[in-house]
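These notes are about the structure you will find just below.
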Ligand SMILES: [Zn+2]
């Protein structure tokens, strides 16, 4: 069972307290953007995900904790969390992920 | 004293005799025995039959790796445990064990015909044979497979025992209490921090128990052991756990330990926990699991009496049992000489040591000579004889082709050693091939974990002690006096003059996989070791190939002509040894399996002899039968009473979320399809929620308490997911909105009153709300008091009758219910359950999300375009409603169905076709979603999702059911009072 660091509680808690919530940094288009979007672009936003092998930016929910959603970098091969961060923060750069790995 | 007991040897208490039975026959053992050692002491080697061929099998190992000696232990009704390894089964007085895979008994087994016809059961037999004709499945193949499948008897009764579980934390967890594990614990304990040392055996000490002659720091092994264990037991920060198997190693140093608490105690009543699962989070894990000796794969290696050399040494050293009087040795590794010499020194005759190697260490030769043991170097055992016990071996010398028979009553073998990588591999630690050991050993760790001792390839007592000490943070180096573990060689095929096809050389004893099966699998194209494993079933039995995997790997590698390290290794998976379901389930059994959520009014319903049904994790009143009524009669009566006078219904399970804040209306506009700006304070409205993909997610009535405050209700089952859905959007998409969400489901009890007399009933109890038709119209929502208790009162109807939903603080729920019920007697107030609620709403064509919708239904499919605001520029799901597939013609739409025969109540889920005479498979155009007997209409009604359903209104469709095809006409889904006039009762 994984230990996950909640950036809001600022604590490592067992996986049981959390729920996975899909890929991160997929921003919902606002009403103006939606109106402009082709069906193809909309279905890409809705359904197409990267499904990468390696460091994956994804959303987690501290369901049985502080109730907050946050983002994480997790390696889909090793299942290791490199870092977690608040949703308002930008996706970490490759460099930041590398630094976090060496910590 | 039994025949093969050697007094003066072993760590057992020969003064304490234990009576036990095996296959109904009585025997005696002593305190400290396992079933295997006790049977061996009685001269019994035959302990089981193999799975596929039902070949007679004897014990091979002396621990949890045992592949053959599996027994079923009978501890009374519901307490039969199959597939217990006799080698790990602690003997107790009165133990009753039975062998498996035989009928009528172990010595005469009908199923052994499989053995006679073994040429018909090659690798992949099941895959090749049980294919066609299809008609054979029912009558021939399935009974055959069922008969053959599985090991041992499945329990026929529920397990009456209790199981416990707990969480634990420590700085250092040490798995395995042999010399390396104990040394690690001693040094880790000195450095402070919590230490847990666990071992699967009842006695700690590992290999030291088998080799009492070894000296550590000038003390005999058992003395050093006793002193060390005493020290550990006295150290406060150390927890020593015996009979505790580390069954799995999971992420972030989370290790599951299964502790067996009572199985070794005779006559334990049902009550105390039988096993306890410890979920341990450790800072550091030290794996000291040891190594398992490898059998040699030669013709006749499965005859009872053939066993691992180290096992024979353990039976002598630990249990004081000789495995035979004349014990021959067959080896490719030096370590077997220690076993041979130990046995010889205890007056067991060693008629021969057969060694595959042409040359061996001089000291071994000398010691053999001193003991008068004949050495056969560069030789191999080419066959064995004896029906239920080995009688002789044939020694073959390939250089000259000479053969010689040698009599024996046991043959001990060693093909080298396999470090136990199981937990290391669970933790995803890397492994590397060690050519000298001809085995894989740990490489890079993936967790904060080290592997020490034999499981790391550090063989010998001193090496193990030193590695353990170092892992625990110490620096001490130990002096020992021990047999030099030495080296060996590993051959994929042993020399034999007999044609391979005529040999019976077993690799996996438990699953009856032979050398030729593995070669056949490779010939048939299976090159990956994972495929070879599945095709031959090698390593797939309850022992997970602890003794067989490496032999299989070497044979397969040779067959594909690749170095072993290129072929890889099959994946180790938890649990390390078979684990009871009870240990995994722990306390989660019966009432504790899942929480039953009950409403505040539930006890009242229970007292009425109500019938409950589970809805999500709630239990809800289903219907209230009066004496002699069946469900149909009760529901018909409840429906009629509600439509004619007054029904009362517990709606407390409705999900409730309070949406509060300056931007509450904006947020509601985004989360629901309906418009909310125009909803006045003091009113409520039906709300429809979509997912972003445009499909219906939930629905419920929403009341506006103030400009900035909404009381949202959800479906009973949908409450958690709706709350999560709202939180998700609020926190991650609509972050600019100033809104708070609070789940209030359990704060409010909800009493629904429906029927023409509803207003009359509550009027006298309500304060602060004008209930008149004009001032409290349909879809009004007010705060006030009822029965002196604060209430949020909705005028809504899910039945089509005049209706009120009375929200009161949960702890007043039952009191208000009882007051209203009492006062309602004048109107023949009738309590009703979920079934009547469903019928009443279906008569009105109201949907139930999740019953009439299935996650692919849009508001337009459901006939609810009125619920979707056309003016709003955005809401969740809006853009998707314009997706080409969602606006396409021919979607399934919600319609009503009236059967031609009004007495036929269709089955929910039944498929609908346009032409009942078409050939099978028919073109299914939809399915029945809701179906009931309507007492109000005096006939059956149904709702259905039908392709292009609205256009098919007034046409007939067909519902083919077993034995009969029903005809039904498509109608609008509102069956009762389509104009809604009944809401306007005075
Ligand atoms: Zn948190």
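The numbers here are math on the coordinates, done by the rules we state, and not lab data. Because the structure is predicted, anything quoted here is derived from the model rather than measured. Cβ placement follows ideal geometry from the backbone for every residue including glycine, while neighbour counts extend to all protein chains displayed.
Given labels modelled 7 Å from the Cα in the Cβ direction, how far is it in nm from residue B:617 to residue B:815?
Simple spin-label model gives 2.9 nm for this pair.
If you split all Cα-Cα distances of the stretch B:918-986 into 5 Å bins from zero, what percentages do you get per bin, shortest first?
Histogram of Cα-Cα distances, whole percents per bin: 3, 12, 22, 23, 17, 10, 6, 4, 2, 1, 0, 0.
Give me the extension gain from residue B:871 to residue B:359: residue separation times 0.36 nm, minus the current Cα-Cα distance, reported in nm with one decimal.
Full extension from residue B:871 to residue B:359 adds 174.9 nm.
Any idea how far the Cα center of the stretch B:558-606 sits from the one of the stretch B:306-355, in Å?
40
Please give the length that would be gained between residue A:43 and residue A:5 if that part of the chain were fully extended, namely 0.36 nm times their separation in residues minus their C-alpha to C-alpha distance (nm, one decimal).
This chain segment gains 10.4 nm when fully extended.
Would you mind estimating how fast the stretch B:318-477 diffuses translationally, via Stokes-Einstein at 20 °C and 1.002 mPa s with the Kirkwood radius over Cα pairs, in µm²/s?
The Stokes-Einstein estimate is 119 µm²/s.
May I ask you to sort B:930, B:772 by Cβ crowding, counting other Cβ atoms within 10 Å and putting the fewest first?
B:772, B:930
Can you give me the relative contact order of the stretch B:655-744 as a percent, contacts being Cα pairs under 8 Å and 6 or more apart?
So the answer I get is 40 percent.
Show that you can apply the helix-only estimate: for the protein assembly as shown, add -39,500 (n - 2.57) for every DSSP H stretch of four or more residues, divide by all residues, and state [θ] at 222 nm to the nearest 500.
Helices in the protein assembly as shown give a 222 nm mean residue ellipticity of -6000 deg cm²/dmol.
Within a 10 angstrom radius of the beta carbon, how do A:61, B:740 rank from fewest other beta carbons to most?
In increasing order of surrounding Cβ atoms, one gets B:740, A:61.
Using the Kirkwood radius over C-alpha pairs as Rh, can you work out the diffusion coefficient of the stretch B:655-744 via Stokes-Einstein at 4 °C, viscosity 1.567 mPa s, in µm² per second?
102
With the contact rule set at Cα under 8 Å and sequence spacing of 6 or more, what percent relative contact order holds for chain B?
Reported as a whole number, the value is 9 percent.
Label points 7 Å out from Cα along the Cβ direction at residue B:607 and residue B:742: separation in nm?
Output for this residue pair reads 3.1 nm.
Quote the convex hull volume per residue of chain B, based on C-alpha atoms, as a whole number of Å³.
Expressed per residue, the convex hull around the Cα atoms of chain B is 225 Å³.
Once each part is reduced to its C-alpha centroid, what is the distance from the stretch A:24-103 to the stretch B:723-774 in angstrom?
Their Cα centres are 35 Å away from one another.
Considering only C-alpha atoms, what is the centroid distance from the stretch B:891-929 to the stretch B:613-636, in Å?
After rounding, the separation between the Cα centres reads 27 Å.
Report, as an integer, the average count of C-beta atoms from other chains found within 10 Å of each Cβ along B:733-740.
The per-residue average across the peptide is 1.
Below 8 Å between Cα atoms, with a sequence gap of 6+, how large is the relative contact order for the stretch B:477-542 in percent?
Normalised by residue count, the contact order of the stretch B:477-542 is 24 percent.
Limiting things to C-alpha atoms, what are the Rg and the maximum Cα-Cα separation (Dmax) for the stretch B:507-607, in angstroms?
For the stretch B:507-607, the Cα-based Rg and Dmax read 23.2, 76 Å.
Among B:618, B:433, B:817, rank each residue by its count of other Cβ atoms within 10 Å, from fewest to most, as a rough exposure measure.
Ranking B:618, B:433, B:817 by Cβ neighbours within 10 Å, fewest first, gives B:433, B:618, B:817.
Please compute P(r) over all alpha-carbon pairs of chain A, binned at 10 Å starting from zero, and give each bin as a whole-number percent.
Whole-percent P(r) values from 0 Å outward: 14, 42, 31, 13, 1.
Helix B:221-234 against the longest principal axis of chain B: what's the angle in degrees, Cα atoms only, rounded to the nearest 10?
Helix B:221-234 sits at roughly 30 degrees to that axis.
Describe numerically, in nm with one decimal, the distance between label points set 7 Å from Cα along Cα→Cβ at residue B:560 and at residue B:227.
5.2
How large is Rg/Rh for the protein assembly as shown, to two decimals, with Cα atoms and a Kirkwood Rh?
1.07
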